[in-house]
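One structure below.
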C-alpha cells in the first residue's frame, strides 16, 4: 500500500485499542507467523488478516480474519492458529470458506418454493417478454394449475416424476393440446430458473415427458354459397334484426373482408387506419407490427364504423361498456357470431376460420401464395399453406379430371 508504514509488533488488546496514526499501517504480529493488522488512517478501521503459503502449490493467500470491533485479540489468535493448522494439513482455508459460502447460497436458493419463484418469474420474464394476451393466458395456467399442483414443492425437489404426474393430470381433465401448453410454460419457467441459478444448467426434464398428439382441427371453410348466406345474416345483424349491438356485426364483417385476426379488429385503433393508402398499420399483432392491405369494400365498412364509433374513443370498435378488466375492455363477438351462423344455417365454425376461408378462396381463384401470405400477415408461406384448404367439391372436380385424363390415355 502506497504511503503505508510496515513494522512488527506483538499484537495485544491494549496496543490495538490505543492504536492511532495519521498514516496507514500494516503491523505484523511477532507471535503467530503471517498474522497482521491493517490500519486505515482515514476511517480508523483495524482489520486482521492471515498470510499463508499453500503446502503443495506454494501459492500465497491472504484471508480476512475480522475487524477489531467484532473480535477480540484472543478470538483473532484462535482463528489464526486454526487456519495455520489447516494449512499445515495441506488444506486451503480461504477456498474452503468460499466453498462453504457458495454451498449455503445454493441451499438457500433450493429452499425456495415453486410458488415463490413463480412470482419472481412473472415479474422478471412474463411481464417483460410476453404480450398482454399471452400474459392473460399464462396467468390462468399459473394460478389455476401450476401453483395449486406444484406451488408448495421446493424447487430443488421438482423433478421429472412430479412433472409427468402434473402433465397426465391436466391431460385427463382437459386435452393433450391443453396439457402441452401447460408443460411448455413449465419448461419456460425451468429454463428461467436455470438462468437465475435456482436449478443446474441443462437440467430441464420437460423434453423427456411423452406428450400426447393434438387432435387435428377440422376447419370450417366457406364456399361461395356459404359466404352468400354468411353476409346476408351479417347484414341482418347490422340492420338491427337481432338483440345484439350492431357494432359487433360490422366488426365481424370487417374480419371477413380483411382476413385479420379477431383481436386485430376488436383492438383496432383509429390511429392505425390509413384508408387513403388502402391499409391498416397495425402496431402490435401476433407477428408484431404489420401492414394489412384493404379492399375497397373493407374501406367502406371501416368508414361506416368510424362514423358510428364514439368520438372520445381511441378504438374503431370500442367495447360496449368501459371496464378496468382487460378481458372486458374488448368488444365481445362470440354470441353475435353464433347468431350469424344460426341465422345463415351454417355449421359450427370459429371466428378464426374466416381467415382460413379467405386463404382457401384466394387459392381456388389461383392467387399467388406469396400475395396471400402478405394479406394474412404471415412470416412464411409454409404457415399460409396450412391456412389453405381445398373444398370437397374442388377435390371431387380434381379427382374427376385426373381419372378422365387417365381413361382418355387408355382409350388412345
Distance between the C-alpha centers of the range 3-24 and the range 221-255? Whole Å please.
92
In which sequence would 122, 339 go, from the one with the fewest C-beta neighbours within 10 Å to the one with the most?
122, 339
Tell me, what is the Rg over Rh of the range 53-119, with Rh the Kirkwood radius over Cα pairs?
1.17
State, to one decimal in nm, how far the label point of residue 174 lies from the label point of residue 33, with both points 7 Å from Cα in the Cβ direction.
6.9
Column: log10 I(q)/I(0), Debye, Cα scatterers of the range 157-274, q = 0.12, 0.16 Å⁻¹
-0.73, -0.84
Approximate shape of the range 114-208 as ellipsoid semi-axes (Cα gyration tensor, √5λ), whole Å, largest first:
18, 17, 12
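Could you sort 56-64, 291-299, 247-255 so that the peptide with the highest average Cβ count within 10 Å comes first and the rest follow in order? Show your work: numbers first, answer last.
Working: 56-64: 11.3, 291-299: 16.1, 247-255: 23.9.
Result, highest mean Cβ count within 10 Å first: 247-255, 291-299, 56-64.
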Determine, for each peptide in 92-98, 355-361, the mean count of other beta carbons within 10 angstrom over its residues, then list the peptides with the highest first.
355-361, 92-98
Relative to the longest principal Cα axis of the chain, at what angle does helix 160-173 sit, 0 to 90 degrees, rounded to 10?
30
Helical mean residue ellipticity (222 nm; -39500 (n - 2.57) per DSSP H run of 4+; nearest 500) of the chain:
-15000 deg cm²/dmol
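Suppose a student asked you for the relative contact order of the chain, using Cα pairs under 8 Å spaced at least 6 residues apart; what percent would you report?
Details: 476 pairs, mean separation 37.1, N = 412.
Reported relative contact order: 9 percent.
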Quick one: the Cα spread of the range 1-81 along its three principal axes, in angstroms, biggest first?
40, 30, 20
Compute the angle between helix 132-141 and the longest alpha-carbon principal axis of the chain, please, reported from 0 to 90 degrees and rounded to the nearest 10.
70
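Convex hull over the Cα atoms of the range 1-145, averaged projected area in nm²?
Working: hull surface 57.5 nm².
With every direction weighted equally, the projected area is 14.4 nm².
Tell me, what is the FRET efficiency for residue 295 and residue 338 to the nearest 0.05, using R0 = 22 angstrom and their Cβ-Cβ distance as r?
Values: r = 26 Å, r/R0 = 1.18.
Efficiency for this residue pair is about 0.25.
Hey, can you rank 4-11, 176-183 by average C-beta count inside 10 Å, highest first? Present the calculation step by step, with values, prior to reporting the outcome.
Working: 4-11: 13.0, 176-183: 18.4.
For the peptides 4-11, 176-183, the packing ranking is 176-183, 4-11.
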Cα long-axis angle, helix 392-411 against the chain (0 to 90 degrees, to the nearest 10):
70
Computed from the coordinates I sent, semi-axes √(5λ) of the Cα gyration tensor in Å equals one of [x] 49, 34, 21; [y] 73, 28, 21; [z] 38, 24, 22. Tell me the label.
[y]
Give me the percent of DSSP beta bridges within the chain that run antiparallel, rounded to the nearest 5.
85
Anyone know which of 12, 188, 258 comes out most mobile in the 10 Å Cα GNM of the chain?
12
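Every number in this text was worked out from the coordinates using simple rules, so none of it is lab data. Here the structure is a predicted model, which is why all the values come from computation and not from measurement. Virtual Cβ from ideal backbone geometry, glycine too; neighbours counted across all protein chains shown.
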